[in-house]
Each structure stands twice: as C-alpha cells, then as structure tokens.
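The values are calculated or read from the model by the stated rules, or taken from the named source; none is laboratory data. None of the values given here were measured: they were computed from a predicted structure. Cβ placement follows ideal geometry from the backbone for every residue including glycine, while neighbour counts extend to all protein chains displayed. Note: areas computed on protein heavy atoms with side chains; ligands, DNA, RNA excluded. Shrake-Rupley method; radii C 1.70, N 1.55, O 1.52, S 1.80 Å.
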Amino acid sequence: MRTATVYVPRDTTALACGAEAVARAIVAEAAARGFDVRVVRNGSRGLCWLEPLVEVATAQGRVGYGPVAAADVAGLFDAGFLHGAAHALALGAVEAIPYLASQQRLCFARNGVIDPLDLDDYAAHGGWKGLDAALALASADIVQAVLDSGLRGRGGAAFPAGIKWKTVLGTEAAQKYVVCNADEGDSGTFSDRMILEGDPFRLIEGMVIAGLATGATIGVVYLRSEYPLAFTLFREAITRARAAGWLGADIGGSGRAFDLDVRLGAGAYICGEETALLESLEGKRGQVRFKPPLPAIQGLFGQPTVINNVITFASVPDILVHGAAWYRDYGMGRSRGTLPIQLGGNIRRGGLVERAFGITLRELLYDYGGGSASGRPIRAVQVGGPLGAYLPEARFDTPLDYEAFAAIGAMLGHGGVVAFDDTVDMAGQARFAMEFCAIESCGKCTPCRIGSTRGVEVIDRIRASIDREKNIALLRSLSDTMLNGSLCALGGLTPYPVLSALDHFAEDFAARVARAVD
Amino acid sequence: MSPATARDEPIDRVAGLEETQRAFVVGVLAELSGLPGALLPILHAIQDGLGFVPPASVPLIAQALNISRADVHGVVTFYPHFRSTRAGRHVLRLCRAEACQAMGARALEARLRERLGIGLHETTADGAITLEPVYCLGNCACAPSLMVDGAVHARVGDAELDQLVAQCREA
Ligand SMILES: Cc1cc2nc3c(=O)[nH]c(=O)nc-3n(C[C@H](O)[C@H](O)[C@H](O)COP(=O)(O)O)c2cc1C
Ligand code: SF4
Ligand code: FES
C-alpha cells in the first residue's frame, strides 16, 4: 500500500489550537487501522482561523481539513480523508482557498508547504537559489540589487535596506556583523515568528547574503524569549544548515565564510529598538544609545553592523533570484514589494496576508478578515503595534503604503492590524498605551519615563470626570512633550495611539454615560 | 540604591547557594563565560536550570565575567524575564496586549486574579502558580492567549481558564 502523507503544522498558533493532540491522534489511528501514514510537521499557511489545518497529499494536490480537533480524527479516517474524501471539515484544495489564492506570497511562498527543517524540501522549493546568485556577484552588485529593489526595512522604520548595507560595505573593519532583529515586540504581529518556525532556512539564506554583500562573517539573531518554539526550531535549522555547509568556513563550497548564532532576549520591549538590542547582545541592560554613531558604522561591539528585521532579510533571496525590477514592480509609491500583514484581535478570519503595498484596510478587514469575530461592527483598528494609531471606519479606505499612513497620522510599522468591535472603550485603550510605555521605558529620558506615568494619571482623571477640559489639554501638552522630547520612538510614538483615540473617539473621553452598545 | 535598601538586602542574597545550585552555576559559567556578550545566555541557562537566578549567584557570575556585582544585578533586574526568587510549580503568562484585549483579556485577567487570589508577578500561597504578565505571544489571530509553562493556549475562555488552573493546582 502506498504511504499517505499528512501535514500537521508545528507552529505556535496551530499548537495553541491543539495541533499536537491531532498529530498524535492521526499516528495512533493510522496504526490501529494498519495504514501507512507519514506525518510531516509543516509550518503554518497563516490561515490561522482554520488551525489546526490538516492537509493530505493526493493525486490532485494537497487537500485540507480544518479546524481539526483530536476528536475529529477517527471520523476523518472513516470518511477516507487519506484520499481527500468529503467530510464536514473538508476545505478542498488548500491553494484554492480564496484567502490564500488571492495573496501575493513571496516571502511566505514556502510557509506551510515544506517541512521547515528538511534541507531537501527547502532546495526542492527554490531554496539557496538567491545565495547561489549572490555568490556569483561582487559585494557592491548585491548591494546595488537590494538598493534597486526599493526594499525598505520591515521592522517599523521603513529605512531603505540597501543604504544601510552600502554604509557597512564601505566601512573598513577587521570584523563586521549582521544582526537580525527577531524581537517582534509589537503586539498584533507574528510574521517573524512564522518565518522562524515555518521557513527558517529562508532567514539564514538572507543573512548569509547580507554577509556576502557587506563583508561581515558573523551573524546573530536576537529572538524574543516569548517564542520558545521558534527558538528551538531555528536553533535546529542553524545546526542543520551548518552541517550541510551552508554556514561556516566554506559556504556552499565557495571558500567564503559566514556563521550564525541565535540569542534570546528577556522580555524587554525596548530591546527591539536596534541600539538597545545591541546593548543587550553585549550583555548589558537594554538602554537606547545616542545616534550617531549609526550601527552601520559602530554597531555590535563597536563594529560596523547591518541590523535588519526578519522579514527584510527574508525578502532578499527572491530579489537576487528574480531581479530588483521584478520585486520593485510590486507595490505603490515609495513602498515597493509585498508586506506580510498580520490580522488579529477581534476578527473572524485572523491570519497572515501577504500582499503588495496598496491594499486597503477595508479589503483586509472584510474581504480577508470577514469582519469581527464577535459579529458586531468593527469600531477601531490599531495598525503598527502598540505605538500605532487607532483608526476609525472613516479611515478604512487608506491604502497600505508608508506615506499614505504617515499622511493620516498613522504608521504601518511591522504590519500588524488589530481589530476591535464596538464594545471597546477607547479611553481605556489610550490609558493602556501610556501604561505600556511606563512599563517598558528604558528610563533614559524624562518625557518617556515620567511623562507616561503622568499620562496614565491624567487619563484616569479624565475618565473620572475630574476637570475634564483642563486634563484633556494637559494630556495633549504632555503628548507633545513626549513626541518632541524623547530619544527613541517608544516615548516619541506613544502619543499616537493616545491622541488618535482622543481625536477619533472623543465620545469615549466624555462624561461616562454608558455608551449604547445595544 | 539608597543606603537603607542596601542594608535591607533580602536574606537569601547574603545566604549562600545550596551546594547543587552552586555546582550548577559553576558548570554554566565554565561553559558559557567565554562567549562574547555572555551575560544573557548565562542568566537564561541558570534560570532554565534552577527556576530562578539566585541572588547569591550574582558574585560568582560577576567574578567569571570580570564585571561588577552591580552590573550583573542591574541586568537581572532590568529584564522582566529573569526572576530572583523561586517561582511556583507552574508559571502562567497572561497576554495583556491589544489583540488579546480586543478578545476579552481584561476580563480574563480579572478572573485569574480572583481565582488565584494574587496579583501579577505573585505566587499563590500553596506554591502552585506564579502569574506573570506578557505583552504578546505571537498568537494574536487566535486571541486571547495564555502561556502555561511554555505552551501557548489559544482563544482561552472562562471554562478553559478554570480547567487550566485546576490542573496546575493538582500537579
Ligand atoms: C521601541 C522600539 C521597538 C522596536 N521593536 C522592533 C522589533 O521588535 N522588531 C524590529 O524588527 N524592529 C523594531 N524596532 C525598529 C528597530 O529599531 C530598527 O529600526 C529595525 O530593527 C531595523 O530593521 P529594518 O530596517 O529591517 O526594519 C523598534 C524600534 C523601537 C523604537
Ligand atoms: S524614549 Fe523612553 S525608551 Fe526611548 S530612550 Fe527615552 S526613556 Fe528609553
Ligand atoms: S496580543 Fe496577545 S498574543 Fe499577540
């Protein structure tokens, strides 16, 4: 009898929804029925609302079932799911599911498709081709390709990656570094995690290319400690890549060297800020450094350092394979390429949507997201993490584009989109933004350290109807001080969620007559 | 630090390490001290092995890395992940961030505090459960999220919460 291949994701969200028990039930049921089943632990496709999403390889391609509970497994065998048979949970061909079929998956092309730790699978799906191309180029030509692609950093600040790389290439030093920012501290974001868990060799490939482009021979990934599964899987990926010669003294037989390590953070949001991250990697408290010097000139241990987000590095191999123009053809304005958008919060179909820049919030929230999970109207959306603005329905037609968002006083950040229904209390959300800043402040500057605590108190007074007008004016002036007087974006951007809540949802700061939520 | 707090250092800081703890810390230091930027990897290894970073291990770490005790202490206290006191048998990390708020994390937090009778960063009197806040677990599409001893649970409702707490108390 032929061996049936079944895919059950090993991904944080899939596991959180019960994937481990499902995988075990499939193995046990197959054994009991005498079926020969190979269970592959793939990454997630990013159709999170369908997790655990079980796939079966059939003659017609991969067909899906989901969300599957362990208790469904016997019934799936009864129905003949190993042959792709009909069942209440059947989803048909996975790649035809509109949520997936309508995406433009570049970075996430392999996620959920391959076994993330299988080097053969990686190579069979186009892996290492970008590195092969880079090995045939001079450093300056790799940098030029990244420059020409228009790729901007995906960690939040959207700075052109090629310019950083060029600076590092042009700075002489005995040792240069490539650092990957995998701190992914923004709430509502999980795309870095999905790459680390679902296609880790892609990140390794992108970082090796960055090493070749800049003359750096040591790479470090700084990963948040909240992601233990990503850590385990990524560390294993490094070990396997090194054993296969894709890391080490002789990358792919080229005679060029690059090695990689992964280090864990320790729960401090500020360590996502690049200079605090470098301090942390050096074994210190995560305090923000004054700039200049730029990390590209004096970064890790004082040496020239490329520091980019996971998605930035993960975007690079395809640019080298298909060319800068191919990548630049995606997108709008000065936002080129695709953005992996993460839909979360109160949303019916949460997940990962990779699309070229230019898609609107409304398309994301309704065409992909299917509206709120609660079935109530979506009242507010926070885009770009805890420092991102809260947007009302009137702004839902804004295209996802760095400049278009800046124009409405918002930011895309790392691409997190968090939906709230009409039960949300926006004064409470503004308060949380200040509270979060107070908890996470590195303490270096007063407006952030003290201002955020004052901000919480002022909002409490507004909510308690104490001198409302006076305190609202105070909140605005406090926000102004933080905006202008903070060294980094934690203190400097916290006013965005606060002021956007105040500006767009003023009624929530008014006298507390219970707002009609029917 | 004010002179008063310096005098009032917790007793377990001046008390030594248990012999097994000491051996463990020495082993970690022998293995990791040579790494560039070794302090965080060392603290992680100690906490993973012992459940916390014993204050009495600070002088050993300082000596091995040739930095001051104040430097080590400053790092341990800066990072929320590291703890200087023993945790309960189980650690619950409740996500307090926005995507989870949008799906009821505030009510979940209130229920958890009420059920456990403790606040954030505290441990129940029976030593069963430590409650910690966390700001995003990367499970925002299936919120609200709760991590129990390293495993994330998705879409946690009241019933599941009570069940998880009961399991922690029993085992
Ligand atoms: C408070 C704060 C937190 C940040 N957190 C992250 C993070 O978690 N991940 C990230 O990639 N960038 C984060 N950044 C942005 C980094 O400072 C930096 O811009 C980024 O690592 C550069 O990589 P990129 O150009 O590829 O985006 C943060 C910035 C600030 C001010
Ligand atoms: S703004 Fe806040 S987090 Fe940023 S450097 Fe100043 S005190 Fe530190
Ligand atoms: S906001 Fe709670 S898991 Fe991301």
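For segment A:131-207, a/c is not less than 1.5, where a ≥ b ≥ c are the root eigenvalues of the C-alpha gyration tensor, and a/b tops b/c. That puts it in the prolate class.
Couplings for segment A:253-262, taken from phi via the Karplus curve 6.51 cos²θ - 1.76 cosθ + 1.60 with θ = phi - 60°, read x, 8, x, 8, 10, 6, 10, 9, 9, 10 Hz in order; Gly and Pro are left as x.
Using only Cα atoms, find the angle between the long axis of helix B:105-116 and the longest principal axis of chain B, and express it within 0 to 90 degrees, rounded to the nearest 10. For B:105-116 against chain B, the angle is about 70 degrees. The overall shape of segment A:464-510 is oblate: from the C-alpha gyration tensor, with semi-axes ordered a ≥ b ≥ c, the ratio a/c is 1.5 or greater and a/b is no larger than b/c.
Provide the net charge surrounding B:Leu65, with neighbours chosen by a C-beta distance below 14 Å and charges set as Lys +1, Arg +1, Asp -1, Glu -1. That works out to -1.
Heavy-atom accessible area buried between chains A and B is around 3300 Å² (1.4 Å probe, both sides summed). The antiparallel fraction among DSSP beta bridges confined to the protein assembly as shown stands at about 55%.
Under 18 Å of direct C-alpha separation, and excluding same-chain neighbours fewer than eight residues apart, A:Lys164 reaches these aspartates and glutamates: A:Asp141, A:Asp148, A:Glu172, A:Glu273, A:Glu274.
For segment A:366-518, the Kirkwood estimate of hydrodynamic radius, built from reciprocal distances between every pair of different alpha carbons, is 15.9 Å. Taking amide H as placed 1.01 Å from N in the peptide plane, A:Tyr177 has its amide H under 5 Å from the amide H of A:Thr305, A:Val306, each at least 5 places away in sequence or on another chain.
When a 1.4 Å probe is rolled over the protein heavy atoms, the share of accessible surface on segment B:3-137 that falls to carbon and sulfur comes to 54 percent. The alpha-carbon positions of segment A:154-270 define a convex hull whose volume is 108 Å³ per residue. Considering only alpha-carbon pairs that sit under 8 angstrom and 6 or more positions apart, the relative contact order computed for chain A is 13 percent. Per residue, the solvent-accessible area of the protein assembly as shown (1.4 Å probe, heavy atoms of protein chains only, all protein chains present) comes to 37 Å². The ellipsoid equivalent to the alpha-carbon distribution of the protein assembly as shown has semi-axes of 35, 32, 29 angstrom, derived from the gyration tensor eigenvalues as √(5λ) and listed largest first. The order of the peptides A:262-272, A:108-118, A:337-347 by mean Cβ neighbours within 10 Å, most packed first, is A:337-347, A:262-272, A:108-118. Peptides A:437-448, A:92-103 ranked from most to least packed by the mean count of surrounding Cβ atoms within 10 Å: A:437-448, A:92-103. For segment A:4-97, carbon and sulfur atoms together expose 56% of the accessible surface, with a 1.4 angstrom probe and every protein chain in place.
What's the average, rounded to a whole number, of partner chain beta-carbon atoms within 10 Å of each residue's beta-carbon in A:7-18?
Mean shielding count: 4.
Applying the Karplus relation 6.51 cos²θ - 1.76 cosθ + 1.60 with θ = phi - 60° to segment A:308-317 yields 3J(HN,Hα) values of 9, 6, 3, 5, 4, 4, 5, 7, 6, x Hz, where x marks Gly and Pro. Once the partner protein chains are put back, segment B:131-155 shows a loss of at least 50 square angstrom of accessible area, versus the chain by itself, at B:Tyr135, B:Cys136, B:Gly138, B:Cys140, B:Ala141 (probe 1.4 Å, ligands and nucleic acids excluded).
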